[in-house]
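Okay, so here's the structure we're looking at.
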Amino acid sequence: MKKVIENLRETAARLLQNKEAEVVIGWGLGSEAVRTQPVFITSPDNVDKLVWNPFCVNGLTKYLSDLKTRPGKIAVVVKGCDSRGIYRLTQDNIIPRDKVVVIGIPCAGQMSYTKLASKMDVSGQLNDVEDKGEDLLIKTSKGDFTVKKSEVLLDKCLTCEHHNPVVADHVVGDTINTCPTPDNYEEIKKFEAMSTEEKARFWLSQFERCIRCYACRNICPGCTCRECIFDAIKPDWVGKEINVSENELFHLTRAFHLAGRCVDCGECDRVCPMDIPIRLLNKKLLKDCKELFNMEPPGSTEEGGSVLGQYRLEDPEEFM
Amino acid sequence: MANKSLKKVQLKSLLDKIAGSGQLIAPIQSDGITLFKPVQSGEGVVLDYQNAVIPPKDFFFPQSEKMFSYDTSDPTWAIKPEEGVPERVLFGARPCDVKSILLLDKVFDAEFRDDIYIDKRNKTTIIAVSCNDCRHTCFCGAFGISPGEAEGADLLFTDLGGRYLVEVLTDKGSTLAAECSDLLSDDDGNGPAAKEKAVAPAKEKQMNIDLEGVKAKLDNMFEHPIWAEESLRCLGCGTCTFICPTCHCFDIVDFNNQSSIGYRYRCADSCQFANFTRAAGGHQPRPSKMERIRQRFMHKLRYFVDRYGDFGCVGCGRCLEKCPVNLDIAQIINKVKEVG
């Protein structure tokens, strides 16, 4: 981990020094031991703020859309899952590929803040993290804690298709040779086996909680419409009133807008303050697109675009 | 009224009794999430929770509520007001959340009187519960709030192990205590001392944030570069504002579904959204995230003090915990003190 951090800082410093990038977006230490926060480094003198540890959960690619009008190139640090967001943005013409410098870090899995907070005092400042194989030794200003990785790993990391970034101009860290573990959609199959009424009961009870903060949309590299349907005032397609009907419309519309485009980074799940399993909706659409069109996880390759935005004569059309 | 005592085993009976004679709102857990909900009995009410994800503010200022309905085909164009809420009891509010309701009173029940808010306030008896423990994100002490005091509540319960100390704080509380007198006994006099001991861990464990000088400093920080810097990582979502017990900005919208019948509702709005300040003709006084996060922190720590003489934050820690990018108000307070 220390070597990766060193490499990361050296790479960032070199990019900024040589004006190969005007800003480097990465992770810095957060206000609690097991959290990091996105940092935006513009001077080689500040690269020490960059860190790499098992708490770098935030996907950073969406910031490219915020900063795309800045002069010069933007460097962004990505894990495997985040890296698919780069191609999402370039395929959607949100930012040209040559405007972005991708710093890729192979990642063995990230730890959940919520799970960690239930197992240890996370309120201190992080001093060091040591990878002890099955355990993590987390050294903080409030004491040292040993946690079992398998107990605090983010759920999404259990089925990781890309431990290594799919795109990187600079790779820091060693390639991870663990076999990817594509999702076999066991959970989705359980839902598919339910009756319509059972599914409705489940989802409506989830949507009922939604507070429409739009964190899921705002973190999503696939949500980059110039004017989002949920922000439109005239016509107001979706009412601002918070009730299960409007909330359902919001979630289902968002899921359909991402069908064949969602890069499955899982960030919508993580950021939801109400713990709505938003990713399940996207997973269902990923499964369908995979079965119908043999779709790779979107964003896996530079070419591709949206599978539902293309037409082939041999496309299945049994629904017609 | 003198302090009362309630055996812990009797709490469910007490809640059952309250629920039997009116509406009871209490914290319950489903899908692993603690939320305040109207309940039919004391069954399933959680007592060891630290903070509900959504504050009980929602029962006074709901995230979304109908104001009135109308029918334009009615020759008199009569406006039909919404029926108010029934008499009800809110059980389990934490001291920080009770304080937040006092702050909302300054907004909705002072110079401008908001009838639909006041109706809910008047019809609600609040039973607060002291904190024996706290979350690592709690910092109510910074705002002079104590885990064992709840000015603004009608009754205050404190878990003393086998029993609750029941402090009667208002006449409303006294009425409710009298109605439940068969379940309450007189405190033996040891209650207050035992309470201090019971809430000590919550006092010690919470974050120590010092607000000394912060307001005065913020008075001159409108143009400070800290806002641009901190706003870079903000997603512009409404999480912090919608889970905040003191945020109270709302929008008013008419709904009529292309017919003569419609209704007007108001719903919480977030200063972090671009539409929040978008004016007719497209003018946007807060065009970027910089202006929006500055507004949020300034409103809590400076403007609210200017207008109402109190901070607009109660240190409940919800936004610290839930912000997806770790934009942490406690960290901002410390940074404000450090920067030049």
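Quick note: the coordinates plus some simple rules give every number you see, no bench work behind them. If you're wondering where the values come from, they're calculated on a predicted model, not measured in any experiment. Note that we place each Cβ from the backbone using ideal geometry, even for glycine, and neighbour counts take in every protein chain shown.
Brief remarks on what is shown
- Semi-axes of the equivalent ellipsoid for chain B, Cα gyration tensor, largest first, Å: 35, 29, 16
- Per residue, the convex hull spanned by the Cα atoms of region A:108-207 measures out at 170 cubic angstrom.
- Chain A: angle of helix A:80-91 to the longest principal axis, Cα-based, in degrees nearest 10: 60
- Per residue of A:29-36, other chain Cβ atoms within 10 Å of the residue Cβ number 4 on average.
- Taking each DSSP H run with n ≥ 4 as -39500 (n - 2.57) and averaging over every residue of the protein assembly as shown yields -8500 deg cm²/dmol at 222 nm.
- Relative packing of peptides A:63-74, A:252-263 - highest average C-beta neighbours within 10 Å first: A:252-263, A:63-74
- Amide H to amide H, with H built 1.01 Å from N, residue A:153 comes under 5 Å of A:112, counting only residues 5 or more places away or on other chains.
- Shielding of peptide A:264-275 by partners, expressed as the average count of other chain Cβ atoms within 10 Å per residue Cβ, is 3.
- Degrees between helix A:244-257 axis and first principal axis of chain A (Cα, 0 to 90, nearest 10): 70
- Put simply, when A:160-168, B:68-76, B:166-174 are sorted by average Cβ atoms within 10 angstrom per residue, most first, you get A:160-168, B:166-174, B:68-76.
- Charge sum, other residues only, whose C-beta stays under 11 Å from residue A:293's C-beta, Lys/Arg counted +1 and Asp/Glu -1: -3
- Rounded to whole Å, the principal axis extents of the Cα atoms in region B:51-204 read 66, 39, 27, largest first.
- Electrostatic bookkeeping for residue B:28 treats Lys and Arg as +1 and Asp and Glu as -1; over the other residues with beta carbon under 10 Å from its beta carbon, the sum is 0.
- Dimensionless Rg ratio for region A:223-320, taking C-alpha atoms and the 2.2 N^0.38 Å reference: 1.21
- In this structure, the amide hydrogen of residue A:37, modeled 1.01 Å from its nitrogen in the peptide plane, lies closer than 5 angstrom to those of A:28, A:29, A:30, counting only residues at least 5 positions away or on a different chain.
- About its Cα centre, region B:265-332 has a charge dipole of approximately 160 debye under the convention of +1 per Lys or Arg Cβ and -1 per Asp or Glu Cβ, with nothing else charged.
- Average other protein chain Cβ within 10 Å of Cβ, residues A:207-214: 6
- Cα gyration tensor shape for the protein assembly as shown, rounded if a/c is under 1.5, else prolate or oblate: prolate
- Projected label points at residue B:37 and residue B:280, each 7 Å from Cα along the beta carbon direction, are separated by 4.3 nanometres.
- Computed magnitude of the charge dipole of region B:55-108 (debye, nearest 20; Cβ of K, R +1, Cβ of D, E -1): 360
- Members of B:106/B:300; A:62/A:148; B:123/B:203; A:73/A:283 lying beyond 22 Å, as alpha-carbon distances in this model show: A:62/A:148; B:123/B:203; A:73/A:283
- Across region A:1-58, the volume of the C-alpha convex hull divided among the residues equals 70 Å³ per residue.
- With the charge dipole of chain B set up from +1 on Lys and Arg Cβ and -1 on Asp and Glu Cβ about the Cα centre, the Cα lying farthest toward the positive end among the listed residues B:252, B:325, B:285 is that of B:325.
- Using θ = phi - 60° and Karplus 6.51 cos²θ - 1.76 cosθ + 1.60, couplings along region A:4-11 (whole Hz; Gly, Pro as x): 5, 4, 4, 4, 4, 5, 4, 4
- Nitroxide proxy distance, nm - points 7 Å out along Cα→Cβ at residue B:133 and residue A:311: 6.1
- Residue B:190/residue B:12 FRET efficiency (R0 30 Å; Cβ-Cβ; nearest 0.05): 0.80
- Positive-end residue of A:195, A:207, A:278, charge dipole of region A:186-309 with Cβ unit charges: A:207
- Estimated inter-spin distance, residue B:229 and residue B:217, nm [label 7 Å along Cα→Cβ]: 1.2
- Selection from A:93, A:60, A:46 lying farthest towards where the dipole of region A:46-133 points positive, charges on Cβ: A:93
- Placing a label point 7 Å from the Cα of residue B:110 along the Cα-to-Cβ line, the residues of region B:223-256 whose backbone N sits under 19 Å from it are B:245-250.
- Charge dipole magnitude, Cβ of K and R +1, D and E -1 - the protein assembly as shown, Cα centre, debye nearest 20: 1000
- Viscosity 0.890 mPa s, 25 °C: Kirkwood-radius Stokes-Einstein D of region A:34-98 over Cα pairs, µm²/s: 189
- R0 of 22 Å, Cβ-Cβ distance residue A:150-residue A:121: FRET efficiency to nearest 0.05: 0.60
- Environment charge of residue A:84, counting only residues whose C-beta is closer than 13 Å and scoring Lys/Arg +1, Asp/Glu -1: -2
- For chain A, the longest principal axis of the Cα atoms and the long axis of helix A:196-207 meet at an angle of about 40 degrees.
- Values of log10 I(q)/I(0), in the order q = 0.19, 0.22 Å⁻¹, for region B:18-114 under a Debye, Cα-only, solvent-free model: -1.01, -1.19
- For B:108, A:293, the sequence from fewest to most other C-beta atoms within 10 Å is A:293, B:108.
- Taking other C-beta atoms within 10 angstrom as a stand-in for reagent exposure, B:308, B:164 fall in the order B:308, B:164, fewest first.
- Sites matching GluC sites (Glu not before Pro) across region B:33-92 that sit in DSSP coil, with at most 15 neighbouring C-beta atoms within 10 Å: B:43, B:82, B:83, B:87
- For region B:222-238, backbone phi angles converted through the Karplus equation (6.51, -1.76, 1.60; θ = phi - 60°) give residue-by-residue couplings of 4, 9, 5, x, 4, 5, 5, 5, 5, 6, 4, 8, 4, 8, x, 8, x Hz, Gly and Pro being listed as x.
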